[in-house]
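The values are calculated or read from the model by the stated rules, or taken from the named source; none is laboratory data. Treat the numbers as computed from the prediction; the structure is a model and nothing was measured. Ideal geometry is used to build each Cβ from the backbone, glycine not excepted, and the neighbour counts take in all protein chains shown.
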Amino acid sequence: MQVTTTRRAPAHAAVATRRHSGSQTALAWHVAGMVSWGPLLAGCLTGIGVTIALRIFAGPIETPVDLGAGVRASFAPVVAGLAFLLHDPHRQLTGALPARAWLTPAIRVALALPVLALSGIIQLRVAAHALAVDLHAAGQPAAGLPWVALTGELTAWCALALALAAGLERTRWRELTGVGAAIGTLASAGALALLPLHILPAAIIFMNSAERHYWMAAAELWVATGVTAALVAGWAAGDPWRRVRLLLCRVALRASGA
């Protein structure tokens, strides 16, 4: 009997593993069918269109400062489209699935990452070509676009949009998650730009020491913002806020009883 049990155990483990992987694949296909691809693809295509417009109008009428502002403007529709990613109109059906609460939002983000990466690469490559044309028209030497810093800004904006979307999805205003997260993210970026932190440096080439310092400080601030927003998004997507409300109610009842 011991020999038979030992031989059957690996078979049962293999069957359980296949069932688990099969359920994960089925869940991924199910979630992929419910993802709001329309706003995401529309935002990415609009962002690419803005950078193509920068390339078309590149030349004597466009300066590197204008190009930097235009690149950041092309990030806005991408972030606005991403803000609709976590909204789940079938949340009651999704909540009944045999999976943890954070798994469905994680699958949505994983499915959107290739689209966002491709869109960002295309946008920055087109902007780099536009910058080369601008410098050639102005008779200035060639210079490269600050790819790493701009990618960090886009990543932080996306993480902030996901954090706001995950938070709104846990409230009574969940039907307005996409619109609220899009407006909130763009408003937050605009408010940060108004602060005396130089978080959106204007100069992108031929920088002096002060301007280079602004870029380094802005990169650090954007990284901190992105990491914080990602942690908040993960917490909000994985832990329903009604638990917090129940805890607060218990504390209030105990205080009133005392």
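The sole residue among Thr171, Thr185 that is at pLDDT 80 or above and either more than 19 Å from Leu103 (Cα to Cα) or under 21 Å from the mean Cα position of the chain (by Cα) (or both) is Thr185.
Looking only at residues of the range 207-258 that are over 26 Å from the mean Cα position of the chain (by Cα), among the polar types (S, T, N, Q) and in a helix (DSSP H, G or I), we find that the one that is modelled with the highest pLDDT is Ser209.
Only one entry of Leu41, Leu82 meets the criterion of being surrounded by fewer than 19 Cβ atoms within 10 Å (Cβ to Cβ) and closer than 18 Å to Val179 by Cα, and that entry is Leu41. Among the residues of the range 183-206, those that are assigned to a helix (DSSP H, G or I), among the aliphatic types (A, V, I, L, M) and surrounded by 14 or more Cβ atoms within 10 Å (Cβ to Cβ) comprise Ile183, Leu186, Ala189, Leu192.
Residue count for the range 141-179 under the criterion of being over 19 Å from Ala193 (Cα atoms) and of a type in the set (Ser, Thr, Tyr): the result is 2. Applying the condition of being in contact (Cβ under 8 Å) with a residue 60 or more places away in the chain and part of a loop (DSSP other than H, G, I, E, B) to the range 146-182 and asking which residue is nearest to His87 (Cα to Cα) yields Glu169. Checking the range 225-237 against the condition returns no match, with no residue being under 19 Å from Arg72 (Cα atoms), free of Cβ contacts under 8 Å to residues at least 60 places away in the same chain and surrounded by 14 or more Cβ atoms within 10 Å (Cβ to Cβ). Just to be sure before I move on: is Leu116 touching a helix residue (DSSP H, G or I) at 6+ places or on another chain (Cβ under 8 Å), under 26 Å from Ala229 (Cβ atoms), outside any helix (DSSP H, G or I) and at pLDDT 80 or above in the structure I sent? No: the conditions fail for Leu116. Within the range 44-66, the set of residues being closer than 8 Å to Asp134 by Cβ and either loosely packed, with under 15 Cβ neighbours inside 10 Å or not small (Gly, Ala, Ser) (or both) comprises Gly59, Glu62, Thr63, Pro64.
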